Amino acid sequence: MSAVSSGSATLADVIRTHRRRIGLLAILGVALVLPFIPPFTGEDYRRWLIVAAFMAAQAVAFDFTAGYINIVNFGFAAFVGLGAYTSGILAVDFGISPWIGMVVGASLAGLVGLVTGALTLRLRGIYAAVMAWFVGLALMGLVRNVPEVTRGSLGLSVPLLLDTSENLPYYYLILAMLVVTFVVLAWVIRSRYGLAFRAIGQNLASAKASGINPTRYLVINFVLSCAFAGWLGGFYAHFYGILTPDIMLTSHTVEVLAIAYIGGRGSLWGAAVVAFPLSIGVEWVKVQFSTLPGVHLVLYGVLLILVMIYRPGGVAGLARSLDEWWKRRRLPDRPSEATADTGG
Amino acid sequence: MTTAATNLRSVPLARRFLSFTWLTLGAALLVMAWAAVAQPSILIDTLVTGGMWALMAAGLAMVFGVMNIPNFAHGELFLLGSFTAFTVYSPIRDAMFNDPSLTVLKIFGPFPGMVAALLVGAVVGVLLEVVLFRPLRRRSREQWVMNTFLLTAGVSVVIVNGYRLAFGNNYHGVTRYWDVPPLEILGVPISVDRAMVLVIALVTIGLFAVFLQRTSLGRAIRAVSQDETGAQMAGIDLNRIFVLTMGLSCALAALAGAALLFLFPAYPDVGLQPLYLAWFVVILAGLGNIPGAIVGAFIVSLLQTLTAFYLRVGWVDVMPTVFIILILLFKPSGLFGSAVKGVWEQ
Amino acid sequence: MGNGRMLELSNVEAGYELLQVLWDVSLHVDEGEFVALLGPNGAGKTTTLRTIAGFLKPSGGEITFRGTPIAGARAHAVSRMGLGYVSETLNLFPAMTVHENLQVGATSVRDRGQIAATMDLVFELFPRLHERRGQLAGTLSGGERKMLAIGRGLMASPSLLLVDEPSLGLAPMATVATFEALKALRERGVTIMLVEQNVNTTLHLVDRAYVLEQGRIVLEGTGQELLTNPHVQAAYLGI
């Protein structure tokens, strides 16, 4: 801001101070025009874009918990599924508009998140992760075991969200949902809550010592993430038009968490950006090897393993260190933060 | 991560295990006594699967206690074990079918498959430690517990889907290992397979306990779980212990898969239920508590059997969640003992 | 080296990621000697021992143990070479009995007869441990824990024993007992290097001592020499 108002500010300065925001807007611009660039002009490829944006939005919501409070919501897919089924059943059995159903689904997912979080987030992180997984299994079991309502593995047919069979409107819708997810969660991260999240995620003991009630913040974070998962699930339901319990499989959670961690934990943007090339690549693999079901999951698994061992910061971490290196190169005589650290 | 570890250690095993579990154990024994009279099959199923969940849970608890790794790929060892046993046993079964006079095979035929499963499990476990955990350990031990959890989640997905790619979605199983009429114990018929599974479980658990309690290597494993630095001061090579622990834990899980082949045929997702039941056990007993895991396994097996018997098999997935939520509602400090409250891994 | 040099540090530099603690530290311990490393809090005494024992990799300099370079060797390997280390935090196995702790201490020893003999020696030095041998280490008193740590260190029959602050947190009686035990050990031919803050007692006990200040060796001499040294008297003995 000060760079703009001061007379001596050059364009380069403006770009430097706002490079993050400019970069993200540029990427959003690319995402907006992408469906008009071949091969994405074809309906099948536009469908890939929808999947990519859907994965991106999920990964952002996932990273909000995993990257900031360091809790892995291992039942994430089940919360997505809960939102999907809520909205779907409301539409099928009660004729409620999917737009309202999606909000109800989000609320219900948030509520289940609240119960899960309130019970387990006081305990060590690994318990919360395993309990979230159990809750996810239970939700899936529930859906399977009440076929009277959910039609079980036969699949529940759900009305579509838009009155069209074209993919383009759905793409812009999910892109908008991605932007909303990102902006809201990034805004929370920038608020005083975000500071508390980070403090807790990095060091619970010292966060407690500085007077933060960790459980409250952990629960708030967890509920928000679950609610967004449910909301996105609503999109899934009314885009595909058919729901099976498989949407809640742990392997879907692993897909989302793989994207989130490859993108870089604790960055939000890394997950959003990486999701596009990654899930488009994966869709391509799925098509190329359609006789080999699950090959894309092997890919996700291997990538996740490699990232966990060799690049725990993911793409965002890579970008951060590139940025630091660049800064140091640009300002050789001014001591940057990084050199000051190592020099002491 | 040291905080996590020390907190497990600061409370003697026995006491940690006493607080909550004895009550449940008493209740479980009462139910079992009743079941033995009313529905003998419940008792038998509980003991049979319980023995194998004990092998699974003991390995899971040991790996957490010694290496601080919450192994999410533990169920996949069950899968690999069951498929190995199937592969080795099939030709033996065919040989018996072609020549019924081979009485030796009739008695000892199933064992080569189980031994092979043990070996495969051990090899995979060693590979996991050497190829994945060791490089990660060398690079960083920050947020170790969560990172290894994710790492093993990746491993699980790779093994399940790799298996699916290689062997497809079909069931590979056997109807029975020992083709002989059921035994009758106290007027209750028990198939020889079930009886043998129980015997195998008890023998393995016994050997495992003796190994940990009485041998120098077993003591070294326990020493590492209690104080890594102290163990190194005593000349114990941590890398060696980690390899051994991982190999042993995975071998036990694979053996469980092999022994239960007649109940759980090999297919890509077969490891899921053993995995979450083993996790359920370990959470009830306390992470890293091996004796607790063994006893807890029978309690969980009883719950599972009752659920499947009186409700529907599908509700077994829901049972752990309901059970844990109930406990947390009535005892908010948790079933995990006071040692865990407010602790975090670094 | 033939002259009975047990341990030699030459120009050792060591520390933690962003913080160098030891600067150009050179010292040696000869066979059969009882040597102390003295100095104020934070001088780097514990860091020195941790570096020797292999828990910290030196960034420069050389460490040789009985003529073999050990700088950068892993801790368990150093222990197996016969260099015992009793840390300040003791690092006992709290859920194991006293007896089991001692057994683990002898992990590197194959000969059962030798293990039994060493255990007899430990119980002779510390009769309290014998009384408590079936008790869990986590339930011992501070003094007993200290004894157990030293006993466990002895179980591998080390030729050199590093002991970090044996008197720390002990009641005077227990301190006396610990020092008596160290003296007895030394009479049995075990070479000992001791880190202590209790300067007066230590200087009366040891053959030689080094004074470490801010990561550098500032003084070296026999116990008697240092007791009469003006700097030691002013800074540590309050004379």
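Since every read-out is calculated from the coordinates, none of them should be taken as a lab result. Remember, predicted model here, so these are calculated numbers, not experimental data. Note: ideal-geometry Cβ built from the backbone for every residue, glycine included; neighbour counts use all protein chains shown.
Can you tell me which residue is nearest to A:A229 (Cα to Cα) among those in segment A:93-126 that are within 14 Å of chain B (Cβ to nearest Cβ), more than 20 Å from the chain's Cα centre (by Cα) and without any contact (Cβ under 8 Å) to a residue 60 or more places away in the chain?
A:V115
Quick one: count up the residues across segment B:29-50 that are among the small types (G, A, S) and within 21 Å of B:V197 (Cβ to Cβ).
Total satisfying the criteria: 4.
Return the only residue of A:L142, A:L160, A:L185 being over 23 Å from A:R21 (Cα atoms) and either more than 14 Å from every other protein chain (Cβ to nearest Cβ) or among the aromatic types (F, W, Y) (or both).
None of the other options fit; the residue is A:L160.
Might you let me know whether segment A:272-279 holds any residue that is more than 10 Å from every other protein chain (Cβ to nearest Cβ), under 29 Å from B:R138 (Cα atoms) and in a helix (DSSP H, G or I)?
yes
Of the residues that sit in segment B:183-237 and are within 28 Å of B:T49 (Cβ to Cβ) and within 14 Å of chain C (Cβ to nearest Cβ), which one is surrounded by the fewest Cβ atoms within 10 Å (Cβ to Cβ)? Don't jump to the end; show me each part of the working.
Step one: of segment B:183-237, the residues within 28 Å of B:T49 (Cβ to Cβ) are B:183-213, B:218, B:221-222, B:225.
Going one step further and asking which of them are within 14 Å of chain C (Cβ to nearest Cβ), we end up with B:212-213, B:218, B:221-222, B:225.
Details: B:L212: 18, B:Q213: 11, B:G218: 17, B:I221: 23, B:R222: 23, B:S225: 26.
That would be B:Q213.
Among the residues that make up segment B:126-138, is at least one of them at the interface with chain A (Cβ under 9 Å from one of its Cβ atoms), surrounded by fewer than 17 Cβ atoms within 10 Å (Cβ to Cβ) and over 30 Å from B:V37 (Cβ atoms)?
Looking through segment B:126-138, at least one residue is at the interface with chain A (Cβ under 9 Å from one of its Cβ atoms), surrounded by fewer than 17 Cβ atoms within 10 Å (Cβ to Cβ) and over 30 Å from B:V37 (Cβ atoms).
Could you tell me which numbered condition A:E166 fails, if it satisfies all but one of (1) more than 30 Å from A:P98 (Cα to Cα); (2) touching a helix residue (DSSP H, G or I) at 6+ places or on another chain (Cβ under 9 Å); (3) not in a helix (DSSP H, G or I)?
(1)
What pairs come out if I take residues in segment A:127-150 that are basic (K, R) and pair them with residues that are part of a helix (DSSP H, G or I) whose C-beta lies under 7 Å away, six or more apart or interchain?
Final answer for the pair search is A:R144/A:G152; A:R144/A:S153; A:R144/A:P245; A:R144/B:G314.
For segment C:40-65, which residues satisfy the criterion of being under 15 Å from the mean Cα position of the chain (by Cα) and of a type in the set (G, A, S)?
Scanning segment C:40-65 gives C:G44, C:A53, C:G54.
Enumerate the pairs (first residue in segment A:287-300 and within 8 Å of chain B (Cβ to nearest Cβ); second residue anywhere and among the basic types (K, R)) with beta-carbon separation below 8 Å, excluding pairs fewer than 6 apart on the same chain, so at least 6 apart or on different chains.
A:P293/B:R164; A:G294/B:R164; A:V295/A:K286
Does C:R133 satisfy the condition of being touching a His at 6+ places or on another chain (Cβ under 7 Å) and free of Cβ contacts under 8 Å to residues at least 60 places away in the same chain? Before you say what the answer is, go through the steps one by one.
On the way: touching a His at 6+ places or on another chain (Cβ under 7 Å): yes; free of Cβ contacts under 8 Å to residues at least 60 places away in the same chain: yes.
For C:R133, the condition - touching a His at 6+ places or on another chain (Cβ under 7 Å) and free of Cβ contacts under 8 Å to residues at least 60 places away in the same chain - is met.
Only residues that are more than 10 Å from chain B (Cβ to nearest Cβ) and either in a loop (DSSP other than H, G, I, E, B) or among the aliphatic types (A, V, I, L, M) (or both): list them for segment C:89-101, please.
Listed by number, the list holds a single entry, C:V98.
Could you grab me the full set of residues in segment B:144-176 that are over 18 Å from A:V295 (Cα atoms), polar (S, T, N, Q) and facing another protein chain (nearest Cβ under 7 Å)?
The answer is B:N147, and nothing else.
Taking the options A:I212, A:I200, name whichever one is crowded, with 24+ Cβ neighbours inside 10 Å and either touching a helix residue (DSSP H, G or I) at 6+ places or on another chain (Cβ under 7 Å) or polar (S, T, N, Q) (or both).
Criteria check complete, one pass: A:I200.
Do we find that C:G143 is small (G, A, S), within 24 Å of C:V78 (Cα to Cα) and surrounded by fewer than 23 Cβ atoms within 10 Å (Cβ to Cβ) in this structure?
Spelling it out, it is not the case that C:G143 is small (G, A, S), within 24 Å of C:V78 (Cα to Cα) and surrounded by fewer than 23 Cβ atoms within 10 Å (Cβ to Cβ).
How about segment B:267-285: which of its residues are in a loop (DSSP other than H, G, I, E, B) and either within 11 Å of chain A (Cβ to nearest Cβ) or of a type in the set (S, T, Y) (or both)?
Across segment B:267-285, the qualifying residues are B:Y267, B:P268, B:D269.
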